[in-house]
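The values are calculated or read from the model by the stated rules, or taken from the named source; none is laboratory data. The model shown is predicted, which means the values in this text are computed figures rather than measured ones. Don't worry about glycine lacking a Cβ; one is built from the backbone with ideal geometry, like all the others, and counts go over all protein chains shown.
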């Protein structure tokens with residue numbers, strides 16, 4: 001288990017490490033790098049995997065790409081779908097590399113490489129490095145690389161075997177008009193069939209390359225921080241993604257964000273999480289107006305709409321129903337109807353029992369929703385402290401989630417077990433924190449990263465849990481917030497990277513086609 005996804009989960013507790021799952025025959029892999037959301041802090045590297053790969057869970061990790069240091073460059077060195085390079089993996093600001101988080105198990109790899117976008121004379125290069133080690137820095141001539149290939153913008157090609165140049169072809173190929181090269185490497189023992197922009201060469205290597213399990217590194221070298229290298233149309237004949245699959249028996253299939261749209265002031269974050277979510281909590285009833293047009297940014301059946309503002313009049317003294325709650329609900333229902341295909345369901349007042357609402361009032365609101373939209377889900381999210389032996393769920397509720405931030409493994413699992421008991425027959429949801437929350441404002445980016453894997457690993461062990469809905473990070477709680485509704489900046493790169501990886505597993509399950 002060497003990918004970050006598996007390593008961090010294993011650190012949380014040995015009992016929750018993600019296993020390989022049921023073995024399956026290796027299958028073809030293709031990434032077209034289309035339509036990722038290239039946004040700070042993750043820059044699209046693992047965004048929208050299901051659509052761009054057709055599989056959805058073969059993630060990438062950033063590595064140094066250098067010969068003399070394993071220090072990983074900042075996230076913006078490697079981006080996907082940059083505004084100036086749509087549908088490409090782009091590498092910026094000097095030398096860097098990325099590694100696929102599943103190994104090649106076949107004999108051929110191909111990609112379109114552009115060492116310097118728009119340039120056909122430079123000596124700077126793009127590379128494909130193959131190694132039995134998943135811990136390489138990804139530099140083509142390092143000793144842990146079994147086969148290193150590079151192509152220069154000027155058409156020169158070099159092949160390396162552990163630590164040494166094997167073949168040098170100074171002017172092997174001619175770049176296309178945009179500086180790109182269609183490259184294919186086909187290996188068979190000590191034979192390498194190389195094709196670059198239609199030019200073919202059979203090469204006998206000094207050392208046979210074992211192809212049973214090779215990690216793939218894509219890199220670039222440049223001393224010019226103003227040039228960009230590109231990768232597109234990556235194809236691998238066989239890739240074994242067993243270690244990136246969901247645990248057998250897991251029913252996880254929803255992943256999204258609580259508060260993806262909370263208020264106008266807090267912003268609409270649905271476009272930001274488009275490629276790493278399929279179920280997001282949104283509110284369209286602001287204090288001054290309804291804004292149902294927000295639902296245009298939901299995927300089909302991709303949002304649950306909050307109804308608490310319509311039914312309940314909560315304050316410090318309690319949480320009673322409005323006298324005209326049914327009429328208020330019908331106003332919201334009418335606003336939503338033109339966008340109903342974007343709505344999976346409706347969420348009751350957030351943490352209603354914790355706020356003081358009665359069971360009868362919560363039951364009334366749930367039934368009103370179900371009577372109006374019988375084919376839509378009704379969701380209840382409660383504070384974890386209320387999930388005890390007295391907790392009861394209205395019959396009209398389909399989905400039940402709880403939030404209890406900054407608790408450890410044992411307490412979290414105990415709460416999950418109790419919810420399974422008290423909400424039998426319902427589909428259940430977890431809400432991990434994505435930013436420092438009230439009561440645990442000292443949480444670091446690394447802490448939040450571990451939290452994402454902890455929740456994922458536990459959810460896989462509890463089949464009643466169907467989804468994860470991450471709280472924030474724009475929900476106005478924590479040291480960066482200046483008041484209710486003020487968004488916390490999404491500046492947690494490790495936690496965001498973890499969310500993309502967990503989303504990839506939940507949404508795509510790494511089930512390669514072919």
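Among the residues of region 274-297, those identified as surrounded by fewer than 23 Cβ atoms within 10 Å (Cβ to Cβ) and within 19 Å of the chain's Cα centre (by Cα) are 274, 278, 297.
Take the conditions modelled with pLDDT of 95 or more and buried (at least 20 other Cβ atoms within 10 Å of the Cβ) and apply them to residue 255. Does it pass? Against the criterion (modelled with pLDDT of 95 or more and buried (at least 20 other Cβ atoms within 10 Å of the Cβ)), residue 255 qualifies. Annotation: of all residues in region 504-514 being outside any helix (DSSP H, G or I) and surrounded by fewer than 24 Cβ atoms within 10 Å (Cβ to Cβ), the one that is modelled with the highest pLDDT is 509. Being in a strand (DSSP E or B), at pLDDT 95 or above and crowded, with 22+ Cβ neighbours inside 10 Å is the requirement here; does residue 230 meet it? Yes; evaluated as a whole, the condition is true for this residue.
The single condition among (1) within 14 Å of residue 397 (Cα to Cα); (2) crowded, with 17+ Cβ neighbours inside 10 Å that residue 360 does not meet is (2).
Within region 74-95, one or more residues are surrounded by fewer than 19 Cβ atoms within 10 Å (Cβ to Cβ), in the same structural domain as residue 239 (by TED's automatic domain parsing) and either assigned to a strand (DSSP E or B) or within 13 Å of the chain's Cα centre (by Cα) (or both). Could you check, for region 18-29, whether at least one of its residues is surrounded by fewer than 18 Cβ atoms within 10 Å (Cβ to Cβ), within 27 Å of residue 197 (Cβ to Cβ) and at pLDDT below 95? The answer is yes; a qualifying residue exists.
Scan region 209-223 and give yes if some residue there is more than 29 Å from residue 57 (Cβ to Cβ), at pLDDT 95 or above, over 24 Å from the mean Cα position of the chain (by Cα) and in the same structural domain as residue 49 (by TED's automatic domain parsing), otherwise no. Scanning region 209-223, I find at least one residue that is more than 29 Å from residue 57 (Cβ to Cβ), at pLDDT 95 or above, over 24 Å from the mean Cα position of the chain (by Cα) and in the same structural domain as residue 49 (by TED's automatic domain parsing), so the answer is yes. Remark: pairs (first residue in region 341-367, outside the structural domain of residue 317 (by TED's automatic domain parsing) and farther than 21 Å from residue 293 by Cα; second residue modelled with pLDDT under 95 and buried (at least 17 other Cβ atoms within 10 Å of the Cβ); Cβ separation under 9 Å; 6+ apart in sequence or on different chains) are absent.
Rundown of residues vs (1) over 15 Å from the mean Cα position of the chain (by Cα); (2) under 20 Å from residue 412 (Cα atoms); (3) surrounded by fewer than 24 Cβ atoms within 10 Å (Cβ to Cβ); (4) at pLDDT 75 or above, yes/no style:
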position: 468; (1), (2), (3), (4): no, yes, no, yes
position: 476; (1), (2), (3), (4): yes, no, yes, no
position: 482; (1), (2), (3), (4): yes, no, yes, no
position: 486; (1), (2), (3), (4): yes, no, yes, no
position: 489; (1), (2), (3), (4): yes, no, yes, no
position: 493; (1), (2), (3), (4): no, no, yes, yes
position: 496; (1), (2), (3), (4): no, no, no, yes
position: 499; (1), (2), (3), (4): no, yes, no, yes
position: 502; (1), (2), (3), (4): no, yes, no, yes
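Here residue 138 meets each of (1) surrounded by fewer than 23 Cβ atoms within 10 Å (Cβ to Cβ); (2) under 34 Å from the mean Cα position of the chain (by Cα) with one exception, condition (1).
Listed here are the residues, each with its yes/no results for (1) touching a residue at least 40 places away in the same chain (Cβ under 8 Å); (2) in contact with a helix residue (DSSP H, G or I) (Cβ under 7 Å, 6 or more places away or on another chain); (3) assigned to a strand (DSSP E or B).
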position	(1), (2), (3)
99	yes, no, yes
106	yes, no, no
112	yes, no, yes
123	no, no, no
127	yes, no, yes
136	yes, no, no
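Within region 138-152, the set of residues being under 18 Å from residue 208 (Cβ atoms), in a strand (DSSP E or B) and in contact (Cβ under 8 Å) with a residue 24 or more places away in the chain comprises 147, 149.
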